[in-house]
């Protein structure tokens, strides 16, 4: 009878100085454990984003505390707030400047769908100009909701076929 | 006698085109655009109305003539009085009034906003560009003939336009505009909702 190997620790007697794993598992573990956010704070959702980064909610617990105001250094763009058409072009440019791999969280009703702003000035959902990975409902969402979105995104990143993507690129 | 009424009497004596305007609060005057700059500078220099608190525009309706009015609110920091001036634009197609930015530098952005939203031109303005909408936006959104949902247009940036293949669309109204019922104790009833929920973007509005 074959039983599942329930021993999760590194056994140095058996394995010596070699650890065997899948490339995907290692790459995705590295990527998802330190996702540096690009804080695209455009409206009141940005206040909740700041609260998420502050001591009470402490996004550092999930490895995403390094808010980068440079698109070159960030992995996940958190679109927090109302995206006007005037801001849509800079937003897309910043997304284009982020290096691969990159992800997008649409935080709150406005970023997800335009929210209550059914108007001539507001982009009706940021997914019209950038690909969105996780949508967060709420107006604004509580910090827990954003943390949940981050954990969901980490789950998504962990399922990605990273190695084959890197080899085919 | 308050300073505002004093000033109004003096102005009406000096410029016969200046008329009283119906008002529920502050003293108000109708001023012909030709006299506007002289009246404003007289209020500032001779009557102590040294602070321009607001410049705004009004679009009465597409059919009305004069269609556009520019409204100024002046405040006197000496007598703590407000006075309101309104100037009807003579031309309904290309509304224009003189710019007050030579008297108050603060008029600059107010006038740019009135230009952006109503298309009212301010003659002598140093930098009359759009301030809220992007440069090159073809419409004036607060005019009465502009729909709240907007009109389909292109995004400002050509590269982003090519990349995303999308533009500014007319916003889906879903039976809106949405109105809240003020004074409702029950928050479920007071929640903003469409006045008429019989139509959405999938079901056309009855009778149109």
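Throughout, read-outs are computed from the coordinates displayed, never taken from laboratory work. No experiment lies behind these values; they were computed from the predicted model shown. Every residue, glycine among them, receives a Cβ derived from its backbone with ideal geometry; neighbour counts consider all protein chains shown.
See the values below:
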{"read-out": "Percentage relative contact order, the range B:46-174, counting C-alpha pairs under 8 Å, at least six apart", "value": "18"}
{"read-out": "Computed label-point distance, nm, for sites residue A:100 and residue A:73 using a 7 Å Cα→Cβ extension", "value": "2.4"}
{"read-out": "Residue A:21-residue A:139 FRET efficiency (beta carbon distance; Förster radius 35 Å; 0.05 resolution)", "value": "0.25"}
{"read-out": "Percent RCO, i.e. relative contact order, over chain A, from Cα pairs under 8 Å lying at least 6 residues apart", "value": "24"}
{"read-out": "With Cα atoms, 0 to 90° folded angle of helix A:23-33 axis to chain A main axis", "value": "50"}
{"read-out": "Tensor-based shape of the protein assembly as shown (alpha-carbon gyration tensor, a/c under 1.5 rounded, otherwise prolate or oblate)", "value": "prolate"}
{"read-out": "Prolate/oblate/rounded call for the range A:84-135, Cα gyration tensor, a/c under 1.5 rounded", "value": "oblate"}
{"read-out": "The range B:3-132 - Kirkwood radius from inverse mean 1/r over Cα pairs (Å)", "value": "14.7"}
{"read-out": "Spacing of the two label points (7 Å from each Cα toward its C-beta) at residue A:30 and residue A:61, in nm", "value": "2.7"}
{"read-out": "Top of A:80, A:109, A:121 by mean-square fluctuation, Gaussian network on chain A, Cα under 10 Å", "value": "A:121"}
{"read-out": "Expected 222 nm ellipticity per residue - DSSP helices of 4 or more, -39500 (n - 2.57), all of chain B, to 500", "value": "-7000 deg cm²/dmol"}
{"read-out": "Alpha-carbon Debye profile of the range A:36-157, log10 I(q)/I(0) at 0.17 Å⁻¹", "value": "-0.76"}
{"read-out": "Sites residue B:61 and residue A:156 - FRET efficiency at Förster radius 45 Å, r taken between beta-carbons, to 0.05", "value": "0.30"}
{"read-out": "Pairwise label distance in nanometres, residue B:135 with residue A:163, each label 7 Å out on the Cα-Cβ vector", "value": "5.2"}
{"read-out": "Likely footprinting exposure, A:82, B:77, fewest C-beta neighbours within 10 Å first", "value": "B:77, A:82"}
